[in-house]
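First up is the structure itself, then whatever we jot down about it.
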Amino acid sequence: MTREGAYVIPTPSTAYRLLLCDLMTDRLVDSLPVQGLSLDDYIGKTGSMRGTVPIPNARLAARARQALTPGRTGVWVERGPDIWWGGILWTLNLSSDARGFLGAEIQAGGWESYLYRRLLHDDYAVTGRDQLDIARDLLAYAQSAPGGDLGIVADPGLSGVLRDRAYSRYDLHTIGDLLDELAAAEDGFEWRIASYRADDRTRARRLQLGYPVLHTGAADVVLDHPGPVLSYAWPMDATEMATTWQTRGASINRNQTEDSVPLTSPLLVAEQDIATGWPRLDGTSDYTTVEDQSILDGHARADLAASRRPGQIPEIEVLLGGVVSPALVGATVRVRIRDLWHPDTLSARYRVVGMSVSPPERGRPETAKLYLEVP
């Protein structure tokens, strides 16, 4: 046993601890052993944690029944003294194999997953308000209702980008979807909810807001292949690429006796791309609750800008330890690769936009996959 009575999961090099807490108070309920643990964290996507709690005897079964309550159990993953992940237990699947061995398969979603389960039940309208203030308003709304306060603290600061927004209670938007749509607008921002330790004992959740993107760390981390980079994958995908774009909004016809047609943006064409040899590839998107032409046009410009080149999200697998930790999400790394494809050595800076951690198992080292944003 260690501080807070937590069970230490033995590994060759370090110890992971799975802390199970009451979601609303963060009171520690228990810490249970876990097998096959995996966890990931991203910018722009909700992270997850998976694992199986073994049930070898009646005592551990009783503890697991008390501690594992989907929907009201908060999950924190510690590695050494640091918080590496946090979220909400959403599913539990109790299973027994042919030999009678019991296991509780658990899956948790990052704190962001909570905001996709909260609806806007009131009208909201602002004019000329900074987009980061709107994001904080939405979080404050979610946490102001009884049973809604998870203690998430929002980053301060402004972006200087002013928005007009009107949301109707009848549309029943989720808070998470509203944040995503706001962040994805032209000249938007990035957001995520980070888990960290505020002091020696206090676990904390923070809504991180970054304009135009989230950045962490000061100095670049250098990763070489061959070297700390064990393997890599460099996909390029043009299936979602577009050189023209048109966006549809809400219906602009209030007369039910006539055909209903949506508000549409102008057809945008990346003429320079076509002139330099790219084919015409048409793209479209829908914002069915947007009734303002200028807002819809801004979404169209942002969507086209994001789709004008083949998508690339390279991933590299590295050994954990030292400077490689979940704190790298949002940081800049310099990747250097020399092999048959890169005989002159690739040396370039990338931002880490996601990480998937694989704790050590028998015969397998402790590794992480870093997902990179191409500049």
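Scanning the range 190-214 for residues that are assigned to a loop (DSSP other than H, G, I, E, B) and surrounded by 14 or more Cβ atoms within 10 Å (Cβ to Cβ) yields Y211, V213, L214.
Just one residue in the set D339, D344 is touching a residue at least 12 places away in the same chain (Cβ under 8 Å), loosely packed, with under 14 Cβ neighbours inside 10 Å and assigned to a loop (DSSP other than H, G, I, E, B); that residue is D339.
Looking at the range 348-357, can you tell me whether even one residue there is of a type in the set (D, E, K, R) and part of a strand (DSSP E or B)? Looking through the range 348-357, at least one residue is of a type in the set (D, E, K, R) and part of a strand (DSSP E or B).
Scanning the range 254-285 for residues that are at pLDDT 95 or above and among the acidic types (D, E), we see that the one that is nearest to D171 (Cα to Cα) is D282. One residue alone among D292, D259, D273, D286 is among the acidic types (D, E), free of Cβ contacts under 8 Å to residues at least 40 places away in the same chain, more than 30 Å from R79 (Cβ to Cβ) and surrounded by 14 or more Cβ atoms within 10 Å (Cβ to Cβ), and that residue is D273. Kindly indicate whether L150 is within 30 Å of A62 (Cβ to Cβ) and modelled with pLDDT under 95. No: the conditions fail for L150.
So how many residues does the range 286-305 have that are outside any helix (DSSP H, G or I) and either of a type outside the set (A, V, I, L, M, F, W, C) or at pLDDT 95 or above (or both)?
The number of residues fulfilling the criteria is 6.
As a summary of the residue check, E317 satisfies the conditions (1) of a type outside the set (S, T, Y); (2) part of a strand (DSSP E or B); (3) surrounded by fewer than 18 Cβ atoms within 10 Å (Cβ to Cβ); (4) modelled with pLDDT under 95 except for the one numbered (4).
Residue check: is E186 closer than 23 Å to A305 by Cα, among the acidic types (D, E) and surrounded by 18 or more Cβ atoms within 10 Å (Cβ to Cβ)?
Judged against the criteria, E186 is not a match.
When the strands (runs of 3 or more DSSP E) confined to the range 15-110 are screened for residues that are buried (at least 21 other Cβ atoms within 10 Å of the Cβ) and either in the same structural domain as D180 (by TED's automatic domain parsing) or of a type outside the set (S, T, N, Q) (or both), those reaching at least 2 such residues are found at 15-22, 35-42, 48-55, 73-79, 82-96, 102-110.
The values are calculated or read from the model by the stated rules, or taken from the named source; none is laboratory data. Source: prediction; values computed, not measured. Quick reminder, even Gly has a Cβ in these numbers, built from the backbone with ideal geometry, and neighbours come from all protein chains shown.
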